[in-house]
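Report on the following structure.
The values are calculated or read from the model by the stated rules, or taken from the named source; none is laboratory data. These numbers were taken from a predicted model, which means no experiment stands behind them. All Cβ positions, even for glycine, are placed from backbone atoms using ideal geometry, and neighbour counts span all protein chains on display. These accessible areas exclude ligands, DNA and RNA; they are computed on the full protein's heavy atoms, side chains included. Shrake-Rupley method; radii C 1.70, N 1.55, O 1.52, S 1.80 Å.
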Amino acid sequence: MKRIIGIYLAAGKSKRMGMCKLSLPLSVKPLGTIALAEIMKSNIDHLLIVTNDIKASWLNSADVLRTYATKWENIISLQSHLGQSYSLRTGIRRAVQLGAESVIVFLADQPFVTTSIINRLINEAESEYAYVASSDGEIIKPPIIFHKKAFKELMAINGDKGARGLLKNGALKGMSIAMSSEHVFDIDTIEEYEYAKTFINSIRSFS
């Protein structure tokens, strides 16, 4: 049984960027692949990479996936154009099939997530909470780990806000952990991409 399953959301249209941001080079690797090495080294049991195209060229270039060939699978969100929540629901549906006790939601445009962050969330989730989220000190952000008690609510969400609505309205009982703002930084615009390039070599060592 795969108890802790990661859901790597990579099916967005990059509307604010105006191009496929996950293919953009960042430290000589496609942006969308950088966090994968850290995720694969973490204590998750399996990773679901949710895309809108089985032939995503940026994903095919991720060497780390060949190293961990049995620890992941690529699943397609046929309704990803309707919003992030549909991709999340696609991931949760598959996670339930695999017997997940919890899921960790990752964004493919967060390249600086680390193994230690992921494992800290996993450790903190051994509690009564429905979720444990990361925070930049002000805003709750992925990665977020959800216990299976939250799956029913997550499967009912709609639109492009993912699980944010549930966290804001208090429908789920949870907690957040303050992380370095750089480590939970997500890239949506050209300006954010250019900013990320200025500190990528200092944020951590990439394998």
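In whole percent, and with a 1.4 Å probe on the protein chains, what portion of the accessible area of the stretch 87-207 is carbon and sulfur?
48
Using helices alone, I'd like the mean residue ellipticity at 222 nm for the chain: each DSSP H run of four-plus residues gives -39500 (n - 2.57), total over residue count, nearest 500.
The per-residue figure over the chain is -8500 deg cm²/dmol.
Using +1 on the beta carbon of Lys and Arg, -1 on that of Asp and Glu, and nothing else charged, what's the dipole of the stretch 162-201 about the Cα centre, debye to 20?
400
Can you tell me the order of 33-43, 184-194, 134-144 when each peptide is scored by its average per-residue count of other Cβ atoms within 10 angstrom, highest first?
33-43, 134-144, 184-194
Return the label of the correct value of Rg/Rh (Cα atoms, Kirkwood Rh), as calculated from the structure shown, out of [x] 0.97; [y] 1.23; [z] 0.92.
[z]
Evaluate E = 1/(1 + (r/R0)^6) for ILE177 and THR67, where r is the Cβ-Cβ distance and R0 equals 25 Å; express this FRET efficiency to the nearest 0.05.
Approximately 0.30, to the nearest 0.05.
At 1.4 Å probe radius, can you tell me the per residue accessible area of the stretch 79-159 in Å²?
Dividing the accessible area of the stretch 79-159 by its residue count gives 40 Å².
Arranged from highest to lowest average of other beta-carbon atoms within 10 Å per residue, in what order do the peptides 19-32, 101-114 appear?
Result, highest mean first: 101-114, 19-32.
Given R₀ = 30 Å, FRET efficiency for ASN60-GLU126 by Cβ-Cβ distance, to 0.05?
For ASN60 and GLU126, the calculated efficiency is 0.25.
Given a Förster distance of 22 angstrom, what is the FRET efficiency for ILE190 paired with GLU138, based on the Cβ-Cβ distance and rounded to 0.05?
Rounded to the nearest 0.05, the efficiency is 0.40.
Top to bottom by accessible area (1.4 Å), largest first, where do HIS183, HIS46 land?
Per-residue accessible area, sorted high to low, gives HIS183, HIS46.
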